[in-house]
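One structure is given here, and the rest of the page talks about it.
The values are calculated or read from the model by the stated rules, or taken from the named source; none is laboratory data. This structure is a prediction, so every number in the text was calculated from the model and none was measured. Neighbour counts run over all protein chains shown; Cβ positions are idealised from the backbone, glycine included. What goes into the accessible areas is simple: the full protein's heavy atoms, side chains included, and nothing from ligands, DNA or RNA. Shrake-Rupley method; radii C 1.70, N 1.55, O 1.52, S 1.80 Å.
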Amino acid sequence: MKPSFIFSAVTAVVLCSLLKSWVSAQVSKACFCELQNLGQAFPSDKLEEILRTSTACTRSATEEQLTEVETLLDSLHYRLLDLEKDVKDLEEAKDEGMYGIISLRIIEIELNEISDLLIRLNSTTRNHQALTVNLGPQLRNLRTELGKLADFDRMQVVKKEQENKRLKRHLSVCETDLRMTPAPHKDPAPGNCPFGRLLNVTGPTSSMLTEYDSSYPYGAWGKDPKPAPGKESWYWLVVLTSSSCYGSFVRTYTSRSAQIVAQYAGDVTVTSSVTTTNSIMGPGSVMYNNAYYYNCYYSPNVCRFDMETKTITTRALPGAGANGKFPYCHLTACYSCTDIDLSTDESGLWVIYASEENFGNVVLSRLNATSTLDILETWRTSLVKKAVTNAFVACGVLYATRLVNNNYEEIFYSFDTVTGIERGNLSIRFRKPSAYIYSLNYNPRDRNLYAYNDAYIVTYQTVFG
């Protein structure tokens, strides 16, 4: 029988003797507690006034304002590290020709970014100082009023709180006795992210059109988070050259500087044509451990292309929607060939898709990043896939985005694979050079987001804490 509790008042003198006698006599039936209010009324109107003032202070000092300086300092730190590396590379370079000019241009861009960050940091600091001046008197007044309430001891609040805690302990014992089979307590497994939760996305830290200019708006790019030895600085690019949906090769670059001047290391052919078995379909692809993973041509399958041996292996996703059944969408349109989306994080390789069995909601599976492509684990969410524009996984947490307008995208949703908790109120906005982001991948090696944005290749810095 489930225990019931009867209270005659909220704050009261606790009749523990009554509880003890009732528990000993009626433990097989129910647990009762009688409370009697013997004190004068608490000044709740004063407390409500303090609450209103506190709420106003909270609205004045938002979480975004409090973390803005930290975010700007974090961005400035990364920019200074990049500048130091580029200056060192320039000093060590023996070639004073085209490479030196490009390096100087990159350093100039980075100095402009650092100058802009310093201006924003000074402005933010002044704003925080003004906020401190405005909120200081209010907070001191709040402290005084709360002190007065703490001194209000007509109802012996502290003493009664202690008695109430003792009462709760007795009730807990009684409740345990009434349960035939008490449910064991289970702590959730520890998470796998040493950085904390995602707080912000800063940038773009870099943005440029591909060497194809705006000819191919769909594609994907990034860096291998688990690169082959000697390829730690390499970048890769895939453009969908047919119908904004199909591709057949991966272009590689030895460095970011080489990519800026379109000096690619080579094109690695995946298939002989863009519309043949196992050719590349859609922008939802990633590079991991020197292998390229993507949606196989016109199928609900994942393909793995080994960059070294040039061999392809496949794995079917049971029940996965494909070929335009469950793509990414915004309010007015859907993105072609985005039914199946690959992602990487600290724990390996993931695939994001939807199924009829899950009513068109997002399904997340972790894959074995080998030639077997075994499905290791699968999670089903309540997020409608057609209600999001993109998704990625970071530290075992699935994040989804939506279109705000042509200038901003917003991370609004998360699903934690450890706890199973879904949140739909993140509101992490970031700027973009163009309207639509067709590919968004997280790289755990540098903790950057790599976006393919209407033929722009863009990077963002993630901020955890």
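Using a probe radius of 1.4 angstrom, the carbon and sulfur fraction of the accessible surface of segment 347-452 is 43%. Histogrammed with a bin width of 10 Å, the alpha carbon distances of segment 301-422 distribute as 13, 44, 33, 10, 0 percent, first bin at zero. Taking a ≥ b ≥ c as the square roots of the Cα gyration tensor eigenvalues, segment 216-302 comes out prolate, since a/c reaches at least 1.5 and a/b is larger than b/c. Over segment 253-312, the pair-distance histogram of Cα-Cα distances with 5 Å bins from zero comes to 4, 18, 23, 23, 18, 10, 4, 0 percent, rounded to whole numbers. Put simply, when 293-300, 422-429 are sorted by average Cβ atoms within 10 angstrom per residue, most first, you get 293-300, 422-429. Rg and Dmax of segment 272-351, based on Cα coordinates, read 12.8, 43 Å.
How much area per residue is accessible in segment 261-418 when the probe is 1.4 Å and only protein heavy atoms are counted (Å²)? Let's see the in-between values first.
Values: 5830 Å² over 158 residues.
Dividing the accessible area of segment 261-418 by its residue count gives 37 Å².
In this view, the solvent-accessible surface of Arg256, computed with a 1.4 Å probe and all protein chains in place, comes to about 50 Å². Compactness of segment 208-359, taken as the C-alpha radius of gyration over 2.2 N^0.38 Å, stands at 1.02. Distances between placed amide hydrogens fall under 5 Å for Glu346 paired with Cys395, Gly396, all partners being 5 or more residues away or on another chain.
Going by average Cβ neighbours within 10 Å, how do the peptides 84-91, 199-206 rank, with the highest at the top? It would help to have the intermediate numbers written out before the result.
Numbers: 84-91: 12.9, 199-206: 19.4.
By packing density, highest mean first, the sequence is 199-206, 84-91.
Rounded to the nearest 20, the size of the Cβ-charge dipole of segment 281-431 about its Cα centre is 340 debye, with Lys and Arg at +1 and Asp and Glu at -1. For the Cα trace of segment 358-404, dividing Rg by the Kirkwood Rh returns an Rg/Rh value of 1.02. Rolling a 1.4 Å probe over the protein heavy atoms leaves Asp416 with an accessible area of roughly 40 Å². Ordered by 1.4 Å accessible area with all protein chains kept, Arg366, Arg315, Arg140 run largest first as Arg140, Arg315, Arg366. Stick to Cα atoms and the Kirkwood definition of Rh, then tell me Rg/Rh for segment 334-387. Ratio value, two decimals: 0.99.
Please grab the % of Cα pairs in segment 202-252 that end up more than 17 Å from each other. Walk me through the numbers before you get to the answer.
On the way: 591 of 1275 pairs.
Summing the P(r) tail past 17 Å for segment 202-252 gives 46 percent.
Along segment 424-429 the Karplus relation, 6.51 cos²θ - 1.76 cosθ + 1.60 evaluated at θ = phi - 60°, assigns HN-Hα couplings of x, 10, 6, 6, 9, 9 Hz to successive residues, with x for each Gly and Pro. Descending by average beta-carbon neighbour count within 10 Å, the peptides 344-356, 373-385 line up as 344-356, 373-385, the highest first.
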